[in-house]
Amino acid sequence: MTALINLAGLLLIALIISWFWLSQAGGRQRKQDATVSEASVIVKNGVYDPPTLHARAGQTLTLHFDRQDPSPCAEQVIFHGLGVSEFLDSGKVTTVTLQNPPKGEYRFTCQMQMYQGRLIVD
Ligand SMILES: [Cu+2]
């Protein structure tokens, strides 16, 4: 009988620990998907990586563009609808700050619109 009770106790502990771990893992997952106020974007081979950025309205968004593409096509990033554009130095990281972008979806592209990115502010 005592052994049974001990087993039940162990099972309960195992259940609590696994629940705790699972909820922690879920928390980490949510954190990864969460909106950020700072992000890095690699500019290479005709694509922005990551191509989609999420931001929160009313928060300043700081973006670090790492231009690894020396072709002139990649030299500028333009945030359409936000009136923000910036020249990117080849082989360097250029920081672009978006002050309190309003809610909405914006495209960011190079000057020829071959590089295509999306900024979602919600
Ligand atoms: Cu281009």
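Could you sort the peptides 109-118, 82-91 by per-residue average Cβ neighbour count (10 Å cutoff), highest mean leading?
On the way: 109-118: 16.3, 82-91: 13.6.
Output ranking for 109-118, 82-91: 109-118, 82-91.
Counting pairs of alpha carbon atoms under 8 Å apart in space and at least six apart in sequence, what relative contact order in percent does the stretch 38-121 give? List each step's numbers first, then the result.
Working: 200 pairs, mean separation 29.6, N = 84.
RCO, the stretch 38-121: 35 percent.
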What is the set of long-range amide H partners of Val41 at a cut-off below 5 Å, with H atoms built 1.01 Å from backbone N? His64, Phe65, Asp66
Mind jotting down the distance between the C-alpha centroids of the stretch 96-122 and the stretch 60-75, whole Å? 13 Å
Please list 3J(HN,Hα) in residue order for the stretch 66-77, calculated via the Karplus relation 6.51 cos²θ - 1.76 cosθ + 1.60 where θ = phi - 60°; whole Hz, with x for glycine and proline. 9, 7, 9, 9, x, 5, x, 4, 8, 6, 9, 10
Which is farthest toward the positive dipole end of the stretch 38-121 among Leu98, His54, Gln68, measuring Cα position about the Cα centre, with Cβ charges +1 (Lys, Arg) and -1 (Asp, Glu)? His54
Within the stretch 104-122, the residues whose backbone N lies under 12 Å from a label point placed 7 Å from the Cα of Arg56 along the Cα-to-Cβ direction are 122
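We did not get these values from a lab; they are worked out from the coordinates using the rules stated. Since this is a predicted model, take the numbers as computed values, not measurements. Don't worry about glycine lacking a Cβ; one is built from the backbone with ideal geometry, like all the others, and counts go over all protein chains shown.
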